[in-house]
Amino acid sequence: MKSDLPKVLHRLAGKPLLGHVVDCARSLSPEQIVVVYGHGGEQVREAFAGQTDLRWVEQAQQLGTGHAVQQAMPELRSVDQVLVLYGDVPLTRTQTLHQLIDATAHGFGLLTVTLSDPTGYGRIVRNEGGRVQCIVEQKEASAEQLAIREVNTGIMCVPRDALVRWLARLSNSNAQGEYYLTDVLAMAVGDGFDVQVRQPASALEAEGVNNRQQLATLERAQQRRTAEQLMLDGVTLRDPARLDVRGSVAHGRDVEIDVNVLLEGRIVLGDRVRIGANCILRDVSIADDVEILDNCVIEQASVGSASKVGPFARLRPGAELVGGAHIGNFVEIKKSVIGQGSKVNHLSYIGDTDIGAGVNIGAGTITCNYDGANKHRTVIADHAFIGSNTALVAPVTVGVGATIGAGSVISKDAPEAKLTLTRAKQVSLDWRRPTKSK
């Protein structure tokens, strides 16, 4: 990867490669999950700190895949079957692994794929009757074996007690000087085990990541998979190739998403939500009948039902629209509550503010929430009207039904049902505009 970051921590669809594999393993409800890590793996452990269902085993010497599995076996004393997965193979489906496990309840299960170009993979060698005999690695293969297109993915499901015996018999007498896990297959055949082979619906399920180009290829594959599932679940995507999901999406009925939308973290979309082009949503909850117009950024915020946001609006963390709100172009909301039916339509900044119901905020209004050391809150009560280009210097309260004259700087509480303004007297003077010197 040519990176200071361990390969399995590089992200695909917003999640570390290893995170995809661990989540897939969890979906099988296993008794234990053991992660074998090598040199520099402490960084990997730290990235998964707090995930108490994971057991970590260090492979201090990099002596091959067979040696890696040997390190894990003491942690797997109580299990019947061992499923071997790989931390850089992120797209394996749960249903594929269920099929492999179910087919090998009392035998040896192997996941293979058939490739047009099998270069670099271990070949599956079968006898004349079509039964699997062994796996031959690329560097050990004969010319005849190199022509085989069915290859080993490395993913296998094996009886634990038999695996312990086979691992003890492994030899590193090969071109790499390593203990190949694949050699246990020939041992299983020799012991009379029935080798059951299963193949995934797509070879991408078994494809690993060794460089950034492969990472990008799998990223697009994962995004296609996600888009296809969203459409099958009833979401309208204007262009499935121009949606990126880096997290989870829960949605209601008749959701529409335009092009170039990025959804990150946990996204909840209600019924009849419409998201315009070029929007970015991170960890947001959007209620029913909300319209997000083009070019909006919404992060760690909630939008109540029948609200409209944008275009070119930004809802920062802590923004809460109660419902029926209008947030217009070039408006920024941070850590504020916008009450039922209130409007902030143009070119305004609202931060650390509680706005009641039916409030109108004029263009160019700002809440001055920061004094250089501390943040302070502004309170705007129900049905207040804030004139354009007003600065509300927090802490300050605007009363129910109050009106603030345009261009005012309000640093004291404004009483309810009154007009409050701060404005210099307007004068007109005799004056001649200067002319350019010759």
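Laboratory data are not the source of any read-out in this text; all were calculated from the coordinates shown. Here the structure is a predicted model, which means the values were calculated and not measured. Cβ atoms come from the backbone with ideal geometry, glycine included; neighbour counts cover every protein chain shown.
For the chain, take the longest principal axis of its alpha carbons; what is the angle in degrees between that and the long axis of helix 94-103, to the nearest 10 within 0 to 90?
Tilt relative to the chain: about 20 degrees.
Would you mind classifying the range 212-420 by shape? Square roots of the alpha carbon gyration tensor eigenvalues, ordered a ≥ b ≥ c; an a/c under 1.5 is rounded, otherwise it is prolate if a/b is larger than b/c and oblate if not.
prolate
For Rg and Dmax of the Cα atoms in Å, which listed value, (i) 31.0, 109; (ii) 29.7, 89; (iii) 21.4, 68, comes from the coordinates shown?
The value matching this structure is (i).
Using θ = phi - 60° and the Karplus relation 6.51 cos²θ - 1.76 cosθ + 1.60, list the HN-Hα couplings for the range 49-64 in order, rounded to whole Hz, with x at every Gly or Pro.
4, x, 8, 6, 7, 9, 10, 10, 10, 8, 9, 5, 10, 8, 10, x
With r defined as the distance between the Cβ atoms of Ala406 and Thr435 and R0 fixed at 30 Å, what FRET efficiency is calculated, to the nearest 0.05?
0.35
List the residues whose amide H sits under 5 Å from the amide H of Ala414, counting only those 5 or more places along or on another chain, with H placed 1.01 Å from N in the peptide plane.
Here Thr397, Val398, Gly399 satisfy the definition.
What ranking, highest mean first, results for peptides 104-114, 145-155 when packing means the other Cβ atoms within 10 Å averaged over each residue? Kindly include the intermediate steps, with their values, before the conclusion.
Numbers: 104-114: 19.7, 145-155: 17.9.
Packing order, densest peptide first, comes out as 104-114, 145-155.
What number, in percent, do you get for the relative contact order of the chain if the mean sequence gap of Cα pairs under 8 Å and at least 6 apart is divided by its residue count?
8
How big is the gap, in Å, between the Cα center of the range 177-247 and the Cα center of the range 1-76?
17
Quote to one decimal, in nm, the extra length available between Leu421 and Arg77 on full extension: 0.36 nm per residue of separation minus the C-alpha distance between them.
That works out to 116.1 nm of additional length.
For helix 17-26, report the angle its Cα long axis makes with the longest principal axis of the Cα atoms of the chain; keep it between 0 and 90° and round to the nearest 10°.
The angle comes out near 70 degrees.
Could the peptides 244-251, 312-319, 179-186 be put in order, highest first, of the mean number of other beta-carbon atoms found within 10 Å of their residues? Spell out each step's value before the answer.
Details: 244-251: 16.9, 312-319: 20.2, 179-186: 22.1.
The peptides rank, most packed first, as 179-186, 312-319, 244-251.
Apply the Karplus parameterisation 6.51 cos²θ - 1.76 cosθ + 1.60, with θ equal to phi minus 60°, to every residue of the range 72-78 and state each ³J(HN,Hα) to the nearest whole Hz, in sequence, with x for glycine and proline.
7, 4, x, 7, 10, 6, 9
At a Förster radius of 45 Å, what calculated FRET efficiency corresponds to the Cβ-Cβ distance of Asn389 and Ala49, to the nearest 0.05?
On the way: r = 49 Å, r/R0 = 1.10.
The pair Asn389/Ala49 has a calculated efficiency of 0.35.
Order 23-32, 194-203 from most to least packed using the mean count of other Cβ atoms within 10 Å. Don't jump to the answer; show the numbers that get you there.
Details: 23-32: 13.7, 194-203: 16.9.
Put in order of decreasing packing, that is 194-203, 23-32.
Return the sequence-ordered ³J(HN,Hα) values of the range 267-273 in whole Hz as given by the Karplus equation 6.51 cos²θ - 1.76 cosθ + 1.60 applied to θ = phi - 60°, using x for Gly and Pro.
Rounded to whole hertz, the list is 10, 10, 10, x, 6, 6, 6.
Enumerate the amide H contacts of Val409 below 5 Å, restricted to partners 5 or more residues apart or on another chain; note that Pro and chain-start residues carry no placed amide H.
Amide H to amide H, under 5 Å and 5 or more residues apart or across chains, Val409 pairs with Ala391, Thr422.
Starting from 0.36 nm per residue, how many nanometres of slack lie between Gln229 and Gln214 once their C-alpha separation is accounted for? Walk me through the intermediate numbers first.
On the way: separation 15, 0.36 × 15 = 5.40 nm, distance 2.27 nm.
Gain in length upon complete extension: 3.1 nm.
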